[in-house]
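Worksheet: the structure to be examined is printed underneath.
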Amino acid sequence: MNNSIKISSNQLITKPYFFLLIINFSLLIGLNGCDFTKRIDTRQAVKELHEREVKRITPAQFNAQVDEWGKMIVDSLNKNLLTTLESKALIDSLSKTYRVEIITGNPINLQKLGFGKKVNGILDAYQYNAEKHLPQIDNIQKSDDEMLYFYTAPIIMTGQFDKLKSPRVEAIGKEAKLDSLLFHKKGDFVGLWLVKFTKREIVRLSDPKHLRTLSDKQ
């Protein structure tokens, strides 16, 4: 008598598949039980640790970092002056990236904001140079309590405004608190970019290795 057990072809096929289905179903249950919204963003965590790192920054390094970032910000703003002044999107983006406040205006209007004697002294110099038609340059000045840094740079009239209708040109200049754009030609000084840095955010965003590189360049 043959006691061997016969297994049909159907049994050979269905049983392994049933086993796999059980495994897959178990995996699905396990995956659904995981909350992927709570995953740690490692890049953000590293960034936050870097910002909280204790850093020793010399006065010269503060100036060098403000000078570098200030130039980068102003270069971006000046690439398309018309669009920058009219839409404000780039100003908002750069303000968020560098954690600064970007203000426009002619020297007289900026003095009304009360940034202190040191800053007002620089603004007086810009106004004097404008009246005497002298060259204007970028400048860095600290607040009276030395907790703020101000990077100022001239806004120079471009030919982009020539083909615009007068009311639009006048509105742009008025909104930015600049000298009347209608009465200036290409190349004229019409106001200033004023970028306000806080000492705290400079420390948080700066890279010690890069600061040493800036110091070596001086």
- Item | Considering residues of the range 82-111 that are farther than 27 Å from Ser166 by Cα and free of Cβ contacts under 8 Å to residues at least 12 places away in the same chain only, the residue surrounded by the most Cβ atoms within 10 Å (Cβ to Cβ) | Ser95
- Looking only at the range 130-147, which residues are free of Cβ contacts under 8 Å to residues at least 12 places away in the same chain and either surrounded by 11 or more Cβ atoms within 10 Å (Cβ to Cβ) or among the polar types (S, T, N, Q) (or both)? Leu134
- If you go through Ala130, Ala64, Ala125, the only one that is in a helix (DSSP H, G or I), closer than 19 Å to Ser206 by Cβ and hydrophobic (A, V, I, L, M, F, W, C) is Ala64
- Checked against (1) of a type in the set (Asp, Glu); (2) modelled with pLDDT of 95 or more; (3) more than 25 Å from the chain's Cα centre (by Cα), Asp162 satisfies every condition except (2)
- Note on the structure: If we ask which residues in the range 140-154 are touching a helix residue (DSSP H, G or I) at 6+ places or on another chain (Cβ under 7 Å) and either basic (Lys, Arg) or closer than 14 Å to Gly191 by Cβ (or both), their number turns out to be 3
- Task: For residues that are under 27 Å from the mean Cα position of the chain (by Cα) and not in a strand (DSSP E or B), tally how many sit in the range 170-190.
- Result: 9
- Query: Looking at the range 53-71, which of its residues are free of Cβ contacts under 8 Å to residues at least 12 places away in the same chain and hydrophobic (A, V, I, L, M, F, W, C)?
  - Reply: Val54
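Which of the following residues is assigned to a loop (DSSP other than H, G, I, E, B) and either at pLDDT below 95 or on the phi < 0 side of the Ramachandran plot (or both): Asp92, Asp144?
Result: Asp144 is the single residue among Asp92, Asp144 that is assigned to a loop (DSSP other than H, G, I, E, B) and either at pLDDT below 95 or on the phi < 0 side of the Ramachandran plot (or both).
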- Query: How many residues, within the range 165-189, are over 17 Å from Gln136 (Cβ atoms), in contact with a helix residue (DSSP H, G or I) (Cβ under 7 Å, 6 or more places away or on another chain), at pLDDT 95 or above and not charged (D, E, K, R)?
  - Reply: 4
- Task: With respect to Phe150, determine if the residue is under 27 Å from the mean Cα position of the chain (by Cα), aromatic (Phe, Trp, Tyr), under 24 Å from Val66 (Cβ atoms) and surrounded by 19 or more Cβ atoms within 10 Å (Cβ to Cβ).
- Result: yes
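The values are calculated or read from the model by the stated rules, or taken from the named source; none is laboratory data. None of the values given here were measured: they were computed from a predicted structure. Neighbour counts are summed over all protein chains in view; Cβ atoms, including those assigned to glycine, are modelled from backbone coordinates with ideal geometry.
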